[in-house]
1. Sort 59-67, 97-105 by packing, meaning the average of other beta carbons within 10 Å per residue, with the highest value first.
2. Quote to one decimal, in nm, the extra length available between Gln79 and Thr114 on full extension: 0.36 nm per residue of separation minus the C-alpha distance between them.
3. If you plug each phi of segment 28-36 into the Karplus form 6.51 cos²θ - 1.76 cosθ + 1.60 with θ = phi - 60°, what whole-Hz ³J(HN,Hα) values come out, in order, with x for Gly and Pro?
4. From a point 7 Å beyond the Cα of Ser104 in the direction of its Cβ, which residues of segment 54-88 have a backbone N at a distance under 20 Å?
5. Explain nothing, just compute: Karplus ³J(HN,Hα) = 6.51 cos²θ - 1.76 cosθ + 1.60, θ = phi - 60°, for every residue of segment 45-60 in order, whole Hz, x for Gly and Pro.
6. For the chain, how big is Rg over Rh, using alpha carbon atoms and the Kirkwood form of Rh?
7. Taking amide hydrogens as modeled 1.01 Å from N in the peptide plane, which residues meet the under 5 Å criterion relative to Phe82, leaving out close sequence neighbours?
8. Could you give me the ³J(HN,Hα) list for segment 64-80, computed from phi with Karplus coefficients 6.51, -1.76, 1.60 and θ = phi - 60°, whole Hz, x at Gly and Pro?
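Each value in this text was obtained by applying a stated rule to the coordinates, not by laboratory testing. For clarity, every value in this text was computed on a predicted model and none was experimentally measured. Methodologically, a virtual Cβ is constructed for each residue, glycine included, from the backbone with ideal geometry; neighbour enumeration extends over all protein chains shown.
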Amino acid sequence: MDPQTRDALAEWARLFNRGEYFEAHEVLERPWLGAVEPEKTFLKGLIHAAVCLYQYRRGNGHGARAKYASCVRYLAPYQPRFGGVQVEDLVGQLGRFFGPLVASPPGTAPPPPTAPWPSIRLEPAEAAAD
């Protein structure tokens with residue numbers, strides 16, 4: 001991962017962990033647009049992780065479900081870890097968080113969370129060479 005993308009990923013994680021999901025997704029837009037595989041789909045999955053939580057917070061059940069599903073689909077090939085992100089852990093946290101919404105009938109607004117909001121801990125750059 002190039003240094004600019006790594007810096008953007010660190011900023012994404014900082015914003016994500018603060019619950020600033022819209023801002024987090026914005027930070028990865030430029031790196032995603034310029035990326036090539038395998039990083040392109042990985043970054044798209046992280047963008048969708050932020051967007052699904054943003055939509056959840058806004059009360060948009062349909063948007064939250066749709067972006068959660070695409071996030072999991074995009075990140076699946078990168079488990080257990082990629083780019084310094086413990087992808088398997090993130091997907092597991094998202095699954096626990098979104099479980100009650102996914103189990104609800106379509107069109108249902110997001111219920112109050114029963115699991116903690118997901119968080120990210122990046123590995124140091126030296127350990128993240130994937």
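1. Details: 59-67: 17.4, 97-105: 14.8.
The packing order, highest mean first, is 59-67, 97-105.
2. Working: separation 35, 0.36 × 35 = 12.60 nm, distance 2.48 nm.
In short, 10.1 nm is gained.
3. Here the 3J(HN,Hα) series is 8, 4, 5, x, 5, 4, x, 7, 10 Hz.
4. 54-72
5. x, 5, 4, 5, 4, 5, 5, 5, 6, 4, 5, 4, 4, 6, x, 8
6. On the way: Rg = 14.0 Å, Rh = 14.6 Å.
Using Cα coordinates only, the ratio equals 0.96.
7. Residues meeting the criterion, in which the H sits 1.01 Å from N, are Val87.
8. Karplus values, whole Hz, x for Gly and Pro: 5, 4, 4, 6, 4, 4, 5, 4, 5, 4, 5, 7, 3, x, 9, 7, x.
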